[in-house]
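Visitor: Shown below is the structure under consideration.
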Amino acid sequence: MRYLKKKFFCIILILSSQIISADSFFYNSFNNHGNVGLINMPTARFFDSSVHGITIYDGSPDQKITFTSNPYDWLEASFFYTNIQGKPYPGSGFSQDYKDKGFNFKLRLKEEGVFPALAIGFNDIAGTGYYSSEYVVGSYGIDNLDFHFGVGWGSLSGSNATFKNPLIYIDDQFAERPLSGEGQGGSFDLKRYFSSKRIAPFYGISYVVNEKLLFKFEKD
């Protein structure tokens, strides 16, 4: 029995030694929305404190610029300004597209060890709600391969593969997400956070080939 315990302990040490510290520029980059992540989805990875970045995204319908900062290695904060093509700006006498701005935050819940790193995030936390979403995501790296899995509320719950929001079992108020404050400049609304009848999973992987080549795949 003692032999089995020692063997099990050695296996844990070996597995732990294979786990990489993937919070770095070598393994990560900003996604389309200024978060450390894959393509559209965020991950539980962070850059070191005092890292700042600018992301410019020209897509359809979104055209977005995001300023991101890591004041601490456990906190990522960003401000975005976006132009949504084809969506009219309310109350405007001019023919122009809809403009929006907001703030995003991501906080580390747990560093990676034997178990995955965990993070919680809030998108468009005090904006109009057009991009409003919350999420919990985990990341786990083995050698040059990084695995990511999370669940999202709000605008991150638009997948066909959804399931019932488990917070509804705690309070029925989590079943209703207040309508957007579009055209009103945005505001804090505590009833919005982690509320929606359905939530959706998102997941992906990244693989580092070398210092100049990083493959990303996601389902968001």
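The values are calculated or read from the model by the stated rules, or taken from the named source; none is laboratory data. Every value quoted in this text rests on a predicted model; they were computed, and no experiment measured them. Cβ coordinates were reconstructed from backbone atoms using ideal geometry, including for glycine residues, and neighbour counts include every protein chain displayed. Please note that ligands, DNA and RNA were not included when accessible areas were found on the heavy atoms of the full protein model with its side chains. Shrake-Rupley method; radii C 1.70, N 1.55, O 1.52, S 1.80 Å.
Visitor: What part of the accessible area of segment 43-156, given as a whole %, is carbon or sulfur when the probe is 1.4 angstrom?
Guide: C and S atoms contribute 62 percent here.
Visitor: Report the net charge of residues surrounding D171, where surrounding means a beta-carbon distance below 15 angstrom and charges are Lys +1, Arg +1, Asp -1, Glu -1.
Guide: On the way: positive: K164, R177, K191, R192, K197; negative: D172, E176.
Counting the neighbours of D171, the net charge comes to +3.
Visitor: Right, something else. Reachable aspartates and glutamates from K64, Cα under 15 Å, same-chain residues fewer than 8 places away excluded?
Guide: Within the straight-line limit of under 15 Å, K64 reaches these aspartates and glutamates: D97, D100, D124.
Visitor: As a quick test, which of the pairs K110/K212; K106/K219; K101/K191 have an alpha carbon distance above 24 angstrom in this structure?
Guide: Where the Cα-Cα span goes over 24 Å, the pairs concerned are K110/K212.
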